[in-house]
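Worksheet: the structure to be examined is printed underneath.
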Amino acid sequence: MSKRVAIFNHKGGVSKTTSVYNIGWMLSKQYNVLVVDADPQCNLSSLILGDDFERYYLEDSTKHQNIKDGVHAAFSGKPVPIKAVDCFSPARSSSLYLLAGHANLSEYDAALTFAQTSNNAITTLQNLPGAFSELIKLTEEKYSIDYTFIDLNPGLSAINQNLFLSSHAFIVPTNPDPFSLMAIDTLKNILPKWVSWKKNAVQLFSDSAYPLIEGEPKFIGSLIQRFNVRNGRAARPYRDNITEIKNKISSEFFAAISTVGMTLKTGEYTQDFIDGGYCLDEIPDFQGLLPKSYQAGVPVFDLLDSELEATGPIFQGMVERRDNFKSKFQLLNGKLIDLLNHV
């Protein structure tokens, strides 16, 4: 069975999409990986589709192969089952599969909110809470997926709640500023409420065509991203915030989510991971590599020497940074696989 991971923080600008893109791409070198774009901004779809992005949503063969149209039958009340969608794979990562996003996905939010708060009193809505999970499951089966990563949009919508609760594990991306600290305070209150709702709802929707998956998503770490480096470490303005994020995650946040079963068992987190504030990694800005990455249509760590388009010391510096990011994401994915083995 595929392990499904939500990358979620209701705060914007914390590199959720970049995390899904880089982690999924690196992991696809060894496994079949599905990445799900659940953000109406469709940034993940744009990254992976590249120059084919607009064409994908216009051509008859692909314009309905996305997350919104994938659950359309359930949300429109049509008497046809949900089917797996056809996924796009980039030329240089054939084991990475994109379940594309849709700009109008949020149109379904009101109906899903109603369905999830009606306590199954309205039979015409009973198939909605399990619809997204069913679409992802069928798509996972179609492509023999090992790992799925879901890019959620910044917000506390019913769709985000639904997809978060349809996952087996979750990662909290952050960046070192005071607003990420505020966001963690919100998440420590909201996420346990979401899980408490699900514990009651699993039985309520057990007879629907698309039942909810059982169990609580397990916390497998945070990411701290988007900061500058000086002399091999985070620049001074960021260091205090990085320390505060780790402290808040490992104390208040972890205590709150553990009360509703959202953490792994004692001993399943390594001691060095606990001591590091449950931080999977600190990932600095990509800086000059990022435009090259967009141009080549690959993550920064997969850029070829020829795609760096530089010479002399500038070229050597880019090669060193690229290789450092490659090592970072290889180590990060190793940690993720170890943690997901316990989920």
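Values in this text are rule-based calculations from the coordinates and carry no lab data. Predicted model only: the values in this text are computed from it and were never measured. Don't worry about glycine lacking a Cβ; one is built from the backbone with ideal geometry, like all the others, and counts go over all protein chains shown.
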**Request:** Give a quick list of chymotrypsin sites (Phe, Trp or Tyr not before Pro) in segment 178-278 that DSSP marks as loop, anything other than H, G, I, E or B, with at most 10 other Cβ atoms within 10 Å.
**Result:** none
**Message:** Restricting to DSSP H runs of at least four residues, report the calculated mean residue ellipticity at 222 nm for the chain, -39500 (n - 2.57) per run over all residues, nearest 500 deg cm²/dmol.
**Reply:** -13000 deg cm²/dmol
**Request:** Give a residue-ordered list of calculated ³J(HN,Hα) values for segment 305-321 (Karplus: 6.51 cos²θ - 1.76 cosθ + 1.60, θ = phi - 60°; whole Hz; x for Gly, Pro).
**Result:** 3, 5, 7, 6, 6, 8, 9, x, x, 5, 4, 4, x, 5, 4, 5, 5
**Request:** May I ask for the angle, rounded to the nearest 10°, between helix 131-142 and the longest principal axis of the chain, with both axes built from Cα atoms and the value confined to 0 to 90°?
**Result:** 60 degrees
**Prompt:** How large is ³J(HN,Hα), in whole Hz, for each residue of segment 102-113 in order, when computed from phi with the Karplus curve 6.51 cos²θ - 1.76 cosθ + 1.60 and θ = phi - 60°, using x for Gly and Pro?
**Reply:** 8, 4, 9, 4, 5, 4, 8, 5, 5, 5, 5, 4
**Prompt:** With Rg and the Kirkwood Rh both taken from Cα atoms, where does Rg over Rh land for segment 1-160?
**Reply:** 0.96
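Please report the relative contact order for segment 3-340, taking Cα pairs under 8 Å with a sequence separation of at least 6, and give it as a percent rounded to a whole number.
Details: 563 pairs, mean separation 72.3, N = 338.
Computed value for segment 3-340: 21 percent relative contact order.
If you rank Leu331, Leu223 by fewest surrounding Cβ atoms within 10 Å, what's the result?
Values: Leu331 12, Leu223 24.
Least crowded to most crowded, the residues run Leu331, Leu223.
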**Message:** Compute the angle between helix 236-248 and the longest alpha-carbon principal axis of the chain, please, reported from 0 to 90 degrees and rounded to the nearest 10.
**Reply:** 40 degrees
**Message:** Rounded to whole Å, give me the distance from the Cα center of segment 61-102 to that of segment 186-239.
**Reply:** 24 Å
**Message:** Students often forget the sequence filter, so: which lysines lie under 17 Å Cα-Cα from Lys199 once same-chain residues fewer than 8 apart are removed?
**Reply:** Lys218
**Request:** Just rank Val85, Val35, Val260, fewest to most, by other beta-carbon atoms within 10 angstrom.
**Result:** Val260, Val85, Val35
**Request:** Please give the helix 178-204 orientation as an angle from the longest Cα principal axis of the chain, in degrees from 0 to 90, rounded to the nearest 10.
**Result:** 30 degrees
